[in-house]
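Before any comments, here is the structure.
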Amino acid sequence: MGTASAEVAGQTRRRFGYYFTEANALCYRLGAEKLVIAPWGQNSFRVTATKCAEMPQEKWALTEEVPESHSEIRIGELEAQITNGKITAIINNIGKIEFRNEKGELLLEEYLRNKNDMQSSTTSSLMVDAREFKAIIGSEDYHLKARFVSNPEEKIFGMGQYQQPYLNQKGMDLELAHRNSQSSVPFMISSLGYGFLWNNPAVGRVNFGKNITTWEAESTKKLDYWITAGDTPSEIEEAYASATGKVPMMPDYAMGFWQCKLRYQTQEELLDVAREYKKRGLPISVIVIDFFHWPMQGEWKFDPVYWPDPDAMIRELKEMGIELMVSIWPTVDYRSENFQEMNEKGYLIRVDRGYPISMDFQGNTLHFDATNPDARKYVWGKAKQNYYDKGIRVFWLDEAEPEYTYYDYDNYRYFLGPDVEVGNIYPVMYAKTFFDGMKAEGQHNIINLLRCAWAGSQKYGALVWSGDIMSSFESLRNQFAAGLSMGIAGIPWWTTDIGGFFGAWVDDPKFHELLIRWFEYGTFCPVMRLHGVRWPMQPQVGTSGGATCVSGAPNEVWSYTPEVYEILKKYLFLRETMKPYITEVMKDAHDKGTPVMRPLFYDFPADQECWDCETEYMFGPEILVAPVMHEGERKLSVYFPKGATWKNYWTGDIYEGGSRVEVPAPLEQIPVFTRNGFCFE
């Protein structure tokens, strides 16, 4: 049915909204609201709605090229429906949407409770809208709520990184905003067989309640989400990766061991550590220069007082086969050499109330505005001149949330709009700053370390780590959940500070146990990186430039006791042994968007117990890992998924799938099992 005839027919047959088509999409209009349900990739829809005069055109997390898809549209007397492969959307005459799979099973339906449709079983006097656009007076934006009926038996996974120990997000109340150690990546996979992306970078919340699911944006011009149906979690995940982009192929060096601490203070100190690794014959791929190696924030270069010959340093490291990563902060100090120019050209974020300072750590600073394309070019130009042209090929893009002294989101404004409207896009644009610059120089397989991500960050080579976290077993359990949730949320490259970031004394036996357990777990993370600030703090080497920032105690694998060293050394070589296997796993991430580490249900969706397991995970398709996450624990109860036999890597014992067995976990052994006799050595 054509657009004009559909509109006329709709107006004569219904007293509420009317349907029409645009291109390959089904549309609905009622009053000021226009709703569009458009196919977006196989078995997937993008749903947008607005009360603005025109539909805003930003694609946000979605790629510029729409994956090929085809829809079938039927418009009837009281409802209309659109089908794209395995998913069908049905919208009734008062605008309520439901989604069903190819079997006709209900996946998701909007929560609408009013008296407009007296024939509906959900007719109600509550007068609650499914899509609530509440005008923000004096603005073009709306406070948006999107409500869906909750299935109490549903399990929800993904959503990014939150500092809590739960894999299943059902019942959770999550802030849709970034903080240090919190990354909101609003994509979820449901046990009912669908995936859902809240494609809106506004600050907000989602509540996966037992009775209702509510997505909320504090300030926005449109509703925008993407939904897909699939028979397995992998089918859903791969559809999402096709819609939002896939990670590059991880370079070979990044799959090995990364040495880092807060912070190497001088060029010679760092080189001494690198030389010691080589002297001991230990595997090392990357060594890291942390923050305040620069004269001042906003001066993206080495401080010559403490780093007098970076060219010679980089050359020696490359001769040893070690890549150098340097820390970049987006903060620009008022006193820095670049502040005035960047301020004059509008390259800094704006503060709407009070004096324009967004962070006051080691000086009064404003962040560069990564949403401004000219600001991105400017910052990359400085980094290229002072780092890249010297041979540095991997960057640590810290403070990527960005971190504020106070998270008053309504007080900051970017090139693309107010923080409350677009703020969650910042880490994506920060990653894009360096990805675009490095790609323009002809570099392939780009990887950069960031402390935050949003949907789509993965396509810009973002390796995300879990931020400044406590050195404790409780924190380790939180990171276990965070890493698996990030993988399901479409961020395959993820890691932690092995040992946690702060709160540990270098000579504390209790910390030694934690460090060993974390190091074992880190061996089976996408990237294995040792980092943290260990106490006691070290004396400063100077009083000028970055030397005003403190440094922690040594944090190399030999910095603890000989017994700790022997255990850590064993896992360094185990990681090196696994590199051919890790390479294959990384190819899957690059080609299909497969999470490197994932919950058991990803590989065994037919085994219902795997959907409830929150203490084990798969590292690639062949290795099951059960990390020890409690102090003093020396044995674990391990569930082995059905459909395979499992071999204990350490003992050779064989276990049948579908069984639960108590296995030994001495301090020097993380329980690791291979599938169907697989050998990664």
Can you give me the three principal axis dimensions of the chain from its C-alpha atoms, in Å, biggest first? 84, 67, 42
Where does helix 3-13 land angle-wise versus the long Cα axis of the chain, in degrees 0 to 90, nearest 10? 60
Can you tell me, using C-alpha contacts under 8 Å and at least 6 residues apart, the relative contact order of region 72-171 as a whole percent? 14
Which part of region 264-298 falls in the paramagnetic zone of Gln540, meaning amide N under 13 Å from the point 7 Å along Cα-to-beta-carbon? none
Cα centroid separation - region 597-626 against region 228-290, whole Å: 23
Label-to-label distance, nm, for residues given as Ser637 and Glu319 (7 Å Cα→Cβ offset): 5.8
From the cross-link list Lys210/Lys642; Lys59/Lys96; Lys278/Lys642, which pairs have alpha carbons spaced over 32 Å apart? Lys278/Lys642
Nearest-10 value in Å² for the accessible area of Arg280, using the 1.4 Å probe: 100
Please list, in chain and number order, the residues 5+ apart from Leu108 or on another chain whose amide H is under 5 Å from its amide H, with Hs placed from the backbone. Phe99
Once both label points are put 7 Å beyond Cα along the C-beta direction, the Arg353-Lys579 separation in nm becomes 5.4
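Using a 1.4 angstrom probe on heavy atoms only, work out the carbon and sulfur share of the accessible area of the chain in %. Write down the numbers at each step before the final one.
Details: 11920 of 24520 Å².
On the chain, the fraction of accessible area on carbon and sulfur atoms equals 49 percent.
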Region 458-473 residues near the modelled Trp505 label - backbone nitrogen below 12 Å, point 7 Å along Cα→Cβ: none
Charge dipole of the chain built from unit charges on the beta carbon (Lys, Arg +1; Asp, Glu -1), centred at mean Cα; most positive-end Cα among Pro539, Ser191, Tyr162 is Ser191
Using the Karplus equation 6.51 cos²θ - 1.76 cosθ + 1.60 (θ = phi - 60°), what ³J(HN,Hα) coupling, rounded to whole Hz, does each residue of region 24-39 give in order, writing x for Gly and Pro? 9, 10, 9, 10, 9, 9, 9, x, 7, 8, 10, 10, 10, 10, 10, x
Defining a contact as two alpha carbons under 8 Å apart and six or more residues distant in sequence, what relative contact order in percent does the chain show? 12
Using only the alpha-carbon atoms, how far is helix 267-279 inclined from the longest principal axis of the chain? Give it as 0 to 90 degrees, nearest 10. 80
Put Asp497, Asp231 in order of accessible area, largest first, 1.4 Å probe: what do you get? Asp231, Asp497
Which loop-located GluC sites (Glu not before Pro) does region 253-337 contain, where loop means any DSSP state but H, G, I, E or B and the Cβ has at most 14 other Cβ atoms within 10 Å? Glu337
For region 39-73 and region 667-681, what is the separation of their Cα centres, given in Å? 44
In degrees from 0 to 90, rounded to the nearest 10, what is the angle of the helix 426-440 Cα long axis to the longest principal axis of the chain? 70
Residue by residue, what Karplus-based ³J(HN,Hα) values in Hz, rounded to whole numbers, does region 335-341 have, using 6.51, -1.76 and 1.60 with θ = phi - 60° and x for Gly and Pro? 8, 6, 5, 9, 4, 4, 5
Quick one: dipole size for region 436-494, taken about the Cα centre, charges +1 on Lys/Arg Cβ and -1 on Asp/Glu Cβ, in debye to the nearest 20. 120
Please work out the Cα center distance from region 492-548 to region 112-128, rounded to the nearest Å. 56
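The values are calculated or read from the model by the stated rules, or taken from the named source; none is laboratory data. Quantities reported herein were computed from a predicted structural model and do not represent experimental measurements. For neighbour counting, all protein chains shown are included, and Cβ atoms are generated from backbone atoms with ideal geometry for every residue, glycine included. SASA here: full protein model, heavy atoms, side chains in, ligands and nucleic acids out. Shrake-Rupley method; radii C 1.70, N 1.55, O 1.52, S 1.80 Å.
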